[in-house]
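The structure appears below as structure tokens.
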Amino acid sequence: MRDSGVISGVSVAHDRASVREIEAASSDDVQTVVERLLARDGVSEAFSLQTCNRAEAYVVTDDATDGRRALDDFAPDVRDGSVRYMDHEETLRHLMRVASGLESLVLGEDQILGQVKAGIEAAREQDAIGPMLEDALMKAVHVGERAREETAINEGAVSLGSAAVRLARAELDAPIGEVDALVVGAGEMGTLATKALASVDVGDLVVANRTVANARHLAREVPGVSKATGLGDLRGRLRDADLVITATSSPEYVVTPAELADGSETMLIDIAQPRDVDPAAADLDGVRVRDIDDLETVTDRTAERRERAAREVEAMIDDEFDRLLAAYKRKRADEAISSMYEAAEHVKRREVSTALSKLEAQGDLTDEQRETVESLADALIGQILAAPTKSLRDAAGDDDWTTIQTAMRLFDPGFDDLGGSDPAEPSGPSIEFSGESPEDLDREALEGEVPRRVLEQLSDD
């Protein structure tokens, strides 16, 4: 994969989308999303992230237009106002904000960093991560880790599981110690909810999970869990519970009106994505249904205590963003410089071989004489290419991509091909020097091909 291109991103997240819209954007799993994106014309790398409050996708293409086109139908069933498209620089910042917890519903929460890492590994298994996304994603992870190590962004932060428990305590009439609770799901979020319930000494605490062994493992891990059961016993458990927190990864509803007792006082808090609880359950007498959107009132209060840390993280992101952008620019320039030197080396080998053959014809050459000829050729290349090398680095620093692309086309004939040139064979120059010195080159003929600053600096040399 080439070390160049642009990253484009699309996001459907809690800051502008409803739970149902996020669910609609997450209808396919991340592996399917990445596979579909890689099949699009012009897409060389792809990454997808799905959590309970966001569904996102990222692609690398040669230009932003191709990237936007590849992402246009990412969320066809979601209203336009809920979909955010991001260009290259927006995407770089956004990834760092996501990994550091600034974009989370629960400001500074720790779970998102693990979810980003898991998404990276999933994309790597599909060979979907190349040089561009590798740098962007590793920088995001680095910022996420720095934010938590160097600031208080996650101090006092609540998980969605503990936020659900806080919401329940605020809305339930009975003291929490008299509440019988059921957690459906024994994954990461279910575990957090179970631990949060146990920490407040809830009445009876039961964990139900499709795989009973996982529920039993959680029951052993968390003191206070009275029973672990499978989903086959769910109906009875639901009717016995005052509070139910659902956190499975099931693609179908786990709790429907048929499983609930009409008239019983039950509070259901659904923190799953996609949703576990059929919204129709809220129509039953005595049943209250809450979802992730309802947790914002709880998480907003806890966020106020971490705003100073958030500002520190923002400054950290500004600094790391500048570093990342500079690194991308250096890589882009280095790619052009590498092609330029490769082209010069191609010519050097040919001309040195010709010169040595002619000298051999005039008499035997010593190893020292051969080395002198080789060194002379290397020195000439270094002297001639020093100015254009500096020009290309300056061009990258000035965002002068026209100059960079011109150099790539000049020295790498495969630049315009999606696959690039064959790495096994050195790319030949598109202009044959044929032993001419820089003074002998037809500069008028080159003005349309070579950046003017390069020609001027070559003249100065």
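The values are calculated or read from the model by the stated rules, or taken from the named source; none is laboratory data. None of the values given here were measured: they were computed from a predicted structure. Note: ideal-geometry Cβ built from the backbone for every residue, glycine included; neighbour counts use all protein chains shown.
Considering GLU90, GLU56, GLU35, GLU23, which residue is of a type outside the set (Gly, Ala, Ser) and at pLDDT below 90? Give the derivation first.
Numbers: GLU90 fails: at pLDDT below 90; GLU56 fails: at pLDDT below 90; GLU35 fails: at pLDDT below 90.
None of the other options fit; the residue is GLU23.
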Residues that are among the hydrophobic types (A, V, I, L, M, F, W, C), surrounded by 24 or more Cβ atoms within 10 Å (Cβ to Cβ) and over 20 Å from VAL298 (Cα atoms), drawn from the range 138-192: ALA140, VAL143, ALA147, LEU182, VAL184, ALA186
Pick from the range 105-124, criterion without any contact (Cβ under 8 Å) to a residue 60 or more places away in the chain and within 20 Å of VAL34 (Cα to Cα), ranking: surrounded by the most Cβ atoms within 10 Å (Cβ to Cβ): LEU113
Residue satisfying all of: in the range 255-277; within 20 Å of LEU172 (Cβ to Cβ) and among the polar types (S, T, N, Q); modelled with the highest pLDDT among these: THR266
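Looking for something assigned to a helix (DSSP H, G or I), more than 30 Å from ALA168 (Cβ to Cβ), at pLDDT below 85 and among the basic types (Lys, Arg) - is there at least one such residue anywhere in the range 302-312?
The initial filter retains those residues of the range 302-312 that are assigned to a helix (DSSP H, G or I), namely 302-312.
After this cut, where a residue has to be more than 30 Å from ALA168 (Cβ to Cβ) as well, the list is 311-312.
If we keep only those that are at pLDDT below 85 too, we end up with none.
No, the range 302-312 contains no residue that is assigned to a helix (DSSP H, G or I), more than 30 Å from ALA168 (Cβ to Cβ), at pLDDT below 85 and among the basic types (Lys, Arg).
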Elements of type helices (runs of 4 or more DSSP H) contained in the range 143-247, each with 1 or more residues being more than 34 Å from the chain's Cα centre (by Cα) and touching a residue at least 24 places away in the same chain (Cβ under 8 Å): 160-171, 188-199, 234-240
Residue within the range 384-392 that is within 32 Å of the chain's Cα centre (by Cα) and without any contact (Cβ under 8 Å) to a residue 12 or more places away in the chain present: no
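Looking at the range 267-274, can you tell me whether even one residue there is under 29 Å from the mean Cα position of the chain (by Cα), farther than 16 Å from ASP240 by Cα and surrounded by fewer than 22 Cβ atoms within 10 Å (Cβ to Cβ)? Walk me through it before giving the result.
Within the range 267-274, the subset under 29 Å from the mean Cα position of the chain (by Cα) is 270-274.
Among the residues that remain, those that are also farther than 16 Å from ASP240 by Cα are: 270-274.
Filter again for surrounded by fewer than 22 Cβ atoms within 10 Å (Cβ to Cβ), leaving 274.
Yes, the range 267-274 has at least one match.
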Hey, ALA355 in contact with a helix residue (DSSP H, G or I) (Cβ under 7 Å, 6 or more places away or on another chain) and at pLDDT below 85 or not: no
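State all residues of the range 125-142 that are under 23 Å from ARG323 (Cβ atoms) and touching a residue at least 60 places away in the same chain (Cβ under 8 Å); if no residue qualifies, say none.
ILE129, GLY130, PRO131, MET132, LEU133, ASP135, ALA136, LEU137, LYS139, HIS142
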Residues of the range 97-111 that turn out to be of a type in the set (Val, Ile, Thr) and under 12 Å from ALA140 (Cα atoms), as a count: 1
Set TYR58, TYR85: member being more than 23 Å from ASP294 (Cβ to Cβ) and buried (at least 23 other Cβ atoms within 10 Å of the Cβ): TYR58
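Take the conditions of a type in the set (A, V, I, L, M), over 30 Å from GLU149 (Cβ atoms) and crowded, with 19+ Cβ neighbours inside 10 Å and apply them to ALA99. Does it pass? It would help to see each step written out before you state the result.
On the way: of a type in the set (A, V, I, L, M): yes; over 30 Å from GLU149 (Cβ atoms): no; crowded, with 19+ Cβ neighbours inside 10 Å: yes.
Judged against the criteria, ALA99 is not a match.
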